[in-house]
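Contents: one structure, followed by commentary.
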Amino acid sequence: MASNIKIKAKISGDIADVKSLMLHPMETGARKDPETEELIPIHHITQLTFTNNDKTVMVANFSTAVSKNPFFGFKFRGAKAGDTLKVSWVDNLGGMDEIETVLK
Amino acid sequence: MHVGRRFFLSGSVAFAALVAFPRALWAAAWPDKAFAASAAGQAMINLLGTDQTTPTDQITLKVPEIAENGAVVPVTISTSLENVESISIVVDKNPRPMAATFEILPGTLPDISSRIKMGQTSDVMAVVKTDHGIYSTAKQVKVTIGGCGG
């Protein structure tokens, strides 16, 4: 399955500026289906992890209060061109997605 | 290891996850108790062990003064504090105030940005845990249309 994560990383010096966008409904569990009036079950990304080569550089823990189709940006040191940056997420229903990018 | 175990038990899909992304699952537990708390103070106690923070101007919290759409409120947090271990976003008046928490690992800069939902006008607090204390700064965001309902 193709990944639905978009990731961009810019290196300046040894710092990578990483921006990522994920496709996810981020349902709070409090919202009703407008047609059936039934509550839409809670469904959200719980944990987002970035690893550069084999080093974990960020673990982001999300509640349902992160917006639909989450955006997340951060920066880390020790990045260089040719590094493989991998991002993966898991959600509360066992869903997952991941993508890799080579830093330039 | 709580999260890892829970996902493991949730079935074969999770088993595949365990094989494919062991690091994602085992890196750290998802702090379910902090996220479940319905009051900001309790959420912070569940995450950090205390609801007492030292207000500081060394944290830069960028949020809009007025959010026309509470479903998408941009938040950027950075700090000049040293030895930062985590950054959390706490929205006082959300039904579950702990919105997100980020582990700042060695080499990672304490500089994050995301977008959150807000049900109504509220203080948004940036909470920064360092190896020498817990600091915070807060700003009010006025919400004209809430982001949590249907």
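The values are calculated or read from the model by the stated rules, or taken from the named source; none is laboratory data. Predicted, not measured: the structure shown is a model, and the values here were computed from it. Counting neighbours? That spans all protein chains shown, and the Cβs are built from the backbone with ideal geometry, glycine included.
Side notes on the structure shown:
- Across region A:1-26, the qualifying residues are those that are within 11 Å of chain B (Cβ to nearest Cβ) and either assigned to a strand (DSSP E or B) or free of Cβ contacts under 8 Å to residues at least 24 places away in the same chain (or both), and the one among them that is farthest from the chain's Cα centre (by Cα) is A:ILE15.
- Leading residue by the ranking (farthest from the other protein chains (Cβ to nearest Cβ)) among those in region A:35-90 that are within 18 Å of A:LYS104 (Cα to Cα) and aromatic (Phe, Trp, Tyr): A:PHE50
- Residue count for region B:100-134, restricted to those that are within 10 Å of chain A (Cβ to nearest Cβ) and in contact (Cβ under 8 Å) with a residue 24 or more places away in the chain: 13
- If you filter region B:103-124 down to residues that are over 18 Å from B:VAL141 (Cα atoms) and touching an Asp or Glu at 6+ places or on another chain (Cβ under 8 Å), you find that the one that is surrounded by the fewest Cβ atoms within 10 Å (Cβ to Cβ) is B:GLU103.
- Identity of the residue in region A:39-68, charged (D, E, K, R) and at pLDDT 95 or above, that ends up nearest to A:GLU100 (Cα to Cα): A:LYS55
- Test: B:ASN69 is modelled with pLDDT under 95 and surrounded by 14 or more Cβ atoms within 10 Å (Cβ to Cβ): yes
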